[in-house]
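The block underneath contains the structure these notes are about, expressed in structure tokens.
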Amino acid sequence: MQSTTEIKIRNYHIDHFGHVNHARYLEFLEEARWQYLEKNRLLEPIHRIEAFHVVSKVAIKYLHPVRLGDILRIETKIDGRSSKCFWVDQMAYIKVSEKTAIEAAVTNDFIDAQGRSRVIDGEMLRIWPDLSSTALKKRDDHNPA
């Protein structure tokens, strides 16, 4: 499953250089991931089994500036997983020109209600089918790249 989120760039998103500041993209990417979870109805069932995912790493390539009035289209999809974490691929495009603004790779770890690391088990895979897709890249927990 893939999710698309659109964000209109407003004056409070812009820095004194006239474009979106790099730190603001973290908020945009987070919003897109939450929309992915909501659209795919994953929040309640995954939390019911006391599985919580937390961002442990974000890598962003900044490719093209985004300016006031632009509409940013963010595509979010699961890219791969290991036994304890999964990777989200996020691409952001400027809607009118279709220029790629950023590429992001986000690592998410699962934890339980006490904050301990949690293995991706059969129950999680049943609730969240994207994590069990055969199209996903399987990686070692210690060497995600």
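Inside the stretch 65-100, residues that are touching a Leu at 6+ places or on another chain (Cβ under 8 Å), more than 25 Å from Asn40 (Cβ to Cβ) and of a type in the set (Gly, Ala, Ser) make up a count of 0. Scanning the stretch 1-14 for residues that are over 17 Å from Ile94 (Cβ atoms) and assigned to a loop (DSSP other than H, G, I, E, B) turns up just one, Met1.
Of Lys84, Lys99, Lys77, Lys95, all but one fail to be more than 22 Å from Val58 (Cβ to Cβ), of a type outside the set (Ser, Thr, Tyr) and either surrounded by 13 or more Cβ atoms within 10 Å (Cβ to Cβ) or more than 15 Å from the chain's Cα centre (by Cα) (or both); the exception is Lys95. The residues listed here are Ile78, Ile60; of these, the one that is of a type in the set (A, V, I, L, M), in a strand (DSSP E or B) and in contact with a His (Cβ under 8 Å, 6 or more places away or on another chain) is Ile60. Looking at this structure, is Ala32 under 14 Å from the mean Cα position of the chain (by Cα), assigned to a helix (DSSP H, G or I) and either closer than 27 Å to Pro129 by Cβ or at pLDDT 95 or above (or both)? Judged against the criteria, Ala32 is a match. Residues in the stretch 35-71 that are free of Cβ contacts under 8 Å to residues at least 24 places away in the same chain, basic (Lys, Arg) and either surrounded by 13 or more Cβ atoms within 10 Å (Cβ to Cβ) or over 17 Å from Leu131 (Cα atoms) (or both): Arg48 alone.
Ala32 meets each of the listed conditions (1) under 29 Å from Ser97 (Cβ atoms); (2) loosely packed, with under 14 Cβ neighbours inside 10 Å apart from (2). Condition check: surrounded by fewer than 17 Cβ atoms within 10 Å (Cβ to Cβ), within 29 Å of Ser133 (Cα to Cα) and in contact (Cβ under 8 Å) with a residue 40 or more places away in the chain. Does Gln90 satisfy that? Against the criterion (surrounded by fewer than 17 Cβ atoms within 10 Å (Cβ to Cβ), within 29 Å of Ser133 (Cα to Cα) and in contact (Cβ under 8 Å) with a residue 40 or more places away in the chain), Gln90 does not qualify.
The values are calculated or read from the model by the stated rules, or taken from the named source; none is laboratory data. The model shown is predicted, which means the values in this text are computed figures rather than measured ones. As a convention, Cβ positions derive from the backbone with ideal geometry for all residues, glycine included, and neighbour counts pool all protein chains shown.
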